[in-house]
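Student: Dropping the structure in here first, questions after.
The values are calculated or read from the model by the stated rules, or taken from the named source; none is laboratory data. All values derive from a computational prediction rather than experimental measurement. Neighbour counts are summed over all protein chains in view; Cβ atoms, including those assigned to glycine, are modelled from backbone coordinates with ideal geometry.
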Amino acid sequence: MKLSKRLLALLLALALAFSLALPALAEEEPPPAEIEAQEVTSQEVSWDNFYIITQPKDMTIKRGDSFTLRFEVNVPDGVEVEYRWYSYADDVFTAEPVLVCSPGDSYYPSLGRFILPSATGSSVYGCWVTCYEKNGDEIVSEKALGTDQITVKMKGTIGDLLLSLLNVPVTALMGPLTAVMPSLLSGGITYLLFAPYFTLIMPFMLIFQIFIDYLA
């Protein structure tokens, strides 16, 4: 009888110890389904940390000078970054936050043209920076920021300025011909009004505009 009680007490003690050990084993080794779910869940990106620090600004250069445009943004952790610069004259792609433009580049500013080359010219640039949150090769989320429109004005040499002044006599010589079209459309009555404007007033306005643009 005493032996039976001892065996029963031993069995109860073993059962109690085994029941206490099961939760501990469950905490140490999560089931396969839970492990797989943890691997699929991607890291959340704090997009509040994605903002512009420095914007490139408009500038004026001399023809033949190189220039640099810099776009600085704060990039959040856990993302891939792509920069894409462009100009209105020619698409530009670069993976850097800095665009260096030198004479001879297809996106370098060029002098304007009325009839002959002008004394000044300009080009417009911009940049987009895109951040990608990825899980492996899959894009989970993305966000982009862009610059304001950036105008780079270029001044030519004194020789370019003198050459641009040749537009004035050419414009004056073309004045009577230019006045013919509106006169023909109106039956010829307005020719005497348009001819002085295109021959005298418009050339003087052009001289004024050339110097204003060059000295500004």
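Student: Looking at this structure, is L173 free of Cβ contacts under 8 Å to residues at least 40 places away in the same chain, out of contact with any Pro (no Cβ under 6 Å at 6 or more places or on another chain) and not assigned by TED's automatic domain parsing to the domain that holds A89?
Tutor: yes
Student: Would you list the strands (runs of 3 or more DSSP E) that sit entirely within the stretch 101-180 and hold 3 or more residues that are over 30 Å from A195 (Cβ atoms)?
Tutor: Result: 117-135, 138-146, 150-155.
Student: In the stretch 155-168, what count of residues is obtained for those that are aliphatic (A, V, I, L, M), surrounded by 15 or more Cβ atoms within 10 Å (Cβ to Cβ) and in contact with a Leu (Cβ under 7 Å, 6 or more places away or on another chain)?
Tutor: Total satisfying the criteria: 2.
Student: Quick check on the stretch 167-189. Is at least one of its residues of a type in the set (G, A, S), at pLDDT below 85 and on the phi > 0 side of the Ramachandran plot?
Tutor: Scanning the stretch 167-189 turns up at least one residue that is of a type in the set (G, A, S), at pLDDT below 85 and on the phi > 0 side of the Ramachandran plot.
Student: Shifting gears a bit: Quick one: in the stretch 131-154, of everything that is crowded, with 17+ Cβ neighbours inside 10 Å and either closer than 21 Å to L206 by Cα or more than 19 Å from the chain's Cα centre (by Cα) (or both), which residue is modelled with the highest pLDDT?
Tutor: It comes out as M154.
Student: Here's something else I'd like to know. Condition test on V92, is it modelled with pLDDT under 90, surrounded by 15 or more Cβ atoms within 10 Å (Cβ to Cβ), of a type in the set (V, I, T) and not assigned by TED's automatic domain parsing to the domain that holds Y197?
Tutor: Yes, satisfied.
Student: Which of (1) assigned by TED's automatic domain parsing to the domain that holds I201; (2) free of Cβ contacts under 8 Å to residues at least 12 places away in the same chain; (3) of a type in the set (S, T, Y) does T178 not meet, given it meets every other one?
Tutor: The number of the failed condition is (2).
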